1. Contact list please: Cβ distance under 9 Å, first residue in the range 51-64 and among the hydroxyl-bearing types (Ser, Thr, Tyr), second residue surrounded by 14 or more Cβ atoms within 10 Å (Cβ to Cβ) and not in a strand (DSSP E or B), pairs at least six apart or on different chains.
2. With the requirement that a residue be more than 16 Å from VAL409 (Cβ to Cβ), in a loop (DSSP other than H, G, I, E, B) and among the polar types (S, T, N, Q), what does the range 335-359 give you?
3. Considering every residue within the range 146-160, establish whether at least one is within 30 Å of ARG76 (Cβ to Cβ), assigned to a loop (DSSP other than H, G, I, E, B) and modelled with pLDDT of 85 or more.
4. Among the listed residues THR441, THR407, which satisfies the condition of being in a strand (DSSP E or B) and modelled with pLDDT under 80?
5. Tally time: how many residues in the range 104-129 are free of Cβ contacts under 8 Å to residues at least 60 places away in the same chain and either of a type in the set (Gly, Ala, Ser) or more than 26 Å from TRP30 (Cβ to Cβ) (or both)?
6. Of the numbered conditions (1) at pLDDT 80 or above; (2) in a strand (DSSP E or B), THR468 fails exactly one; give the number of that condition.
7. Counting only residues that are assigned to a strand (DSSP E or B) and exposed (fewer than 14 other Cβ atoms within 10 Å of the Cβ), which one in the range 279-293 is modelled with the lowest pLDDT?
8. Restricting to the range 63-84, and then to whatever is in a strand (DSSP E or B) and of a type in the set (A, V, I, L, M, F, W, C), can you tell me which residue is surrounded by the most Cβ atoms within 10 Å (Cβ to Cβ)?
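The values are calculated or read from the model by the stated rules, or taken from the named source; none is laboratory data. Every value quoted in this text rests on a predicted model; they were computed, and no experiment measured them. When we count neighbours, we look across all protein chains shown, and the Cβ atoms used for this are built from the backbone with ideal geometry, even at glycine.
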Amino acid sequence: MAAYDFPDTAGKPTDGSFQYTAPDGTLYEWNGYAWTVPPGEGGGGSGGGDFEVPTQALPPSGAVDGDMFWCTDDGRLYIYYEDADTSQWVDASPDNTSEAVDSYWAKSGSTLSPIDAADSVDIGSGNITLNVNGVGVFENVVQSGKNPAGAAGQGTRLTPTGVILATRDDADEQVFAGYTTGNSLATSSLNADGSSQFAGDMAIGTTGSFTPSTPAISLKATGTAQFKSNVTVNNEVILDAAGTRLIVGNSGFNSGLDSNTTVGTTGLTVSFDAADVTNGTAGVVIRDAPASKDVIKLNASGSASFAGQIDAQRGIFTDAPGNLAIRTVNSSTNKQNFGASSSGVSIGDDISTADGNKITLNADGSAIFKGAVQVAGGVVTPSAVLQLEADDDTKYTSTTDSEGNETRVYNGTVLDVKDRIQNLIARIDAIEANEVTDDATDSALLTLVASLSSRLDERDATIAALTTRISTLEIQSNGGNS
């Protein structure tokens, strides 16, 4: 029997009404299991006869040599064969003929499937096995797209040695992404550039069955990490398994003869032998090895030396020869608002500029204030000197220190307020003393004037009496004629 392109049988009736006429004129009908030739039909267009082939699951009884039946279980045609000493049903189309293919496979449209749904598929004597439970076994490479090893383009390759190769066109694209059901956002991602992202914790180094609660290394999604053993960096920096100390012992950190340096919850601890402390060899030295220079020394005596600056909470402490300078920086403006050194103290909005330096306290005892000086009881100052030409920039001498800070010194005309006030007080006291003397003199003069006035009045009265008497005498001398 030749292989024919039978029509799709999905959903078709199985009562024999769905039929197909082969190219050789043979009529077939679908019984739900296989295409069969209905009784009374013959092949090849010869007209056939009344020979009938039963279709059933079990062989018919009472068979004689030459009888046939179509097994509906496996879709094969059997013939009853009797030889000299045996009789049995035999396959009328052995597997080594082309007709055997049609008895195992059914084509429905463009889909080819085994007639028996319980059959698996074996290709290449076990090289490829497709099982009915959905498992596929491949003895060699499984590849999708281009070969990643050849860098010809995007593709994925699974080798029989257990290696998965993947290539993407862009370095930041994923080669693996993990998801949870119902969530479109990836929970894990491995990218072509070697980076990776994980939404959860990462566990490394488990024994036996995977138990995330007891890994050797645990990287938490919260940003923390846990290690069950020591953490070693270049065999020189060690964080012990107890998590209580950090041991440092490399060429850039010399912690003494025994390297007994630990960092724990109580801070940095360095242990020394008594002899080392006595002879002055004990201490902690941080060294710039390429420059052959000790940059930090912590001595057993309690002293310390620093070759550079120490930054602490926005304060800058600079160790210079004979001078410890302190600078604090305003966190909102990022400008220096306080400075102290052996030369004095500066306070202001930005002490690095002349306008921003509002108060200067000099080591020589002098001070400059660009605003009022106030205390609870009023304005108090032992001395006040006014710069009479403070607005004239030519009356200043400018200098710049090693840190680039500019200092301006006024050299114009000044007014010593204290000296002037003391002079005024002395003059006022002299005037007041003179006034007391003048008052006594004035009082004596007034008394004298009063006495003179009284005496003048008496003289006037005497003169008036004399005048009256003279007039009387003159009248009398004239004989009574006036």
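1. Listed by first residue and then by second, the contacts come to THR55/ASN31; THR55/TYR33; THR55/ALA34; THR55/THR72.
2. The answer is SER342, SER352.
3. Taking the range 146-160 first, the residues within 30 Å of ARG76 (Cβ to Cβ) are none.
No.
4. Numbers: THR441 fails: in a strand (DSSP E or B).
It is THR407.
5. To start, the set of residues in the range 104-129 that are free of Cβ contacts under 8 Å to residues at least 60 places away in the same chain comprises 104-105, 110-114, 116-129.
Narrowing further to those that are either of a type in the set (Gly, Ala, Ser) or more than 26 Å from TRP30 (Cβ to Cβ) (or both): 110, 113, 117-118, 120, 122-129.
Of the residues in the range 104-129, 13 are free of Cβ contacts under 8 Å to residues at least 60 places away in the same chain and either of a type in the set (Gly, Ala, Ser) or more than 26 Å from TRP30 (Cβ to Cβ) (or both).
6. For THR468, the failing item is (2).
7. First, the residues of the range 279-293 that are assigned to a strand (DSSP E or B): 283-288, 293.
From the residues that got through so far, the ones that are exposed (fewer than 14 other Cβ atoms within 10 Å of the Cβ) too are 288, 293.
Details: ASP288: 75, LYS293: 78.
So the residue we want is ASP288.
8. From the range 63-84, those in a strand (DSSP E or B) are 68-71, 76-82; that's our starting set.
Within this subset, residues satisfying the condition of being of a type in the set (A, V, I, L, M, F, W, C) are 68-71, 77, 79.
Values: MET68: 16, PHE69: 22, TRP70: 20, CYS71: 19, LEU77: 19, ILE79: 17.
Here the answer is PHE69.
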